[in-house]
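Here's the structure we're looking at; comments come further down.
The values are calculated or read from the model by the stated rules, or taken from the named source; none is laboratory data. The structure presented is a predicted model; accordingly, all values stated were derived computationally and were not measured. Note that each Cβ is placed from the backbone with ideal geometry, even for glycine, and that neighbours are counted across all protein chains shown.
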Amino acid sequence: MHPKYRSHTISKGTLDIDDLLYRCFGFVCRANLPMDQTEMEILAATERCMAGMVYYGNPKTNRKKRMRLLTKNVFSMLERISPRGCFFGIHPGDPGRVGFWPKSLRFQQ
């Protein structure tokens, strides 16, 4: 991934599953990131699953499904394509921000 995304915030001020799913998925789509065939297939499957939940699902009964989609598909993909020397996740010093952070922050006290 391009180093310009180092210390890049994708979402701030919310840890709501739907907000994070929308913002993280939107970032992947807008950022035009270099992805291999596997990542592109995961992205397409995630998009189909999200559309199915919106159009055919009951949002209250799909909470676990949305959380699994967010963590297993979207967060895992963003972690794999993080800029060199960075991790994807919640900022260690500011739990309201989700993005790409230097790995050195992960272990600071």
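Among residues of segment 37-56 that are on the phi > 0 side of the Ramachandran plot, none has a Cβ under 7 angstrom from a residue that is surrounded by 14 or more Cβ atoms within 10 Å (Cβ to Cβ) and outside any helix (DSSP H, G or I) at a sequence gap of 6+ or on a separate chain. Pairs please, first residue from segment 7-32 and crowded, with 18+ Cβ neighbours inside 10 Å, second anywhere and in a helix (DSSP H, G or I) and small (Gly, Ala, Ser), Cβ atoms under 9 Å, 6+ apart in sequence or on different chains. As it stands, the answer is 10/26, since those pairs meet every condition given. Inspection of segment 65-76 finds a residue satisfying the criterion of being modelled with pLDDT of 85 or more and either loosely packed, with under 12 Cβ neighbours inside 10 Å or touching a strand residue (DSSP E or B) at 6+ places or on another chain (Cβ under 7 Å) (or both).
At least 2 residues being out of contact with any Cys (no Cβ under 6 Å at 6 or more places or on another chain) and polar (S, T, N, Q) is the threshold, and among the helices (runs of 4 or more DSSP H) wholly inside segment 1-92 those reaching it are 37-56. The one condition from (1) aliphatic (A, V, I, L, M); (2) loosely packed, with under 15 Cβ neighbours inside 10 Å; (3) at pLDDT 85 or above that residue 51 does not meet is (3).
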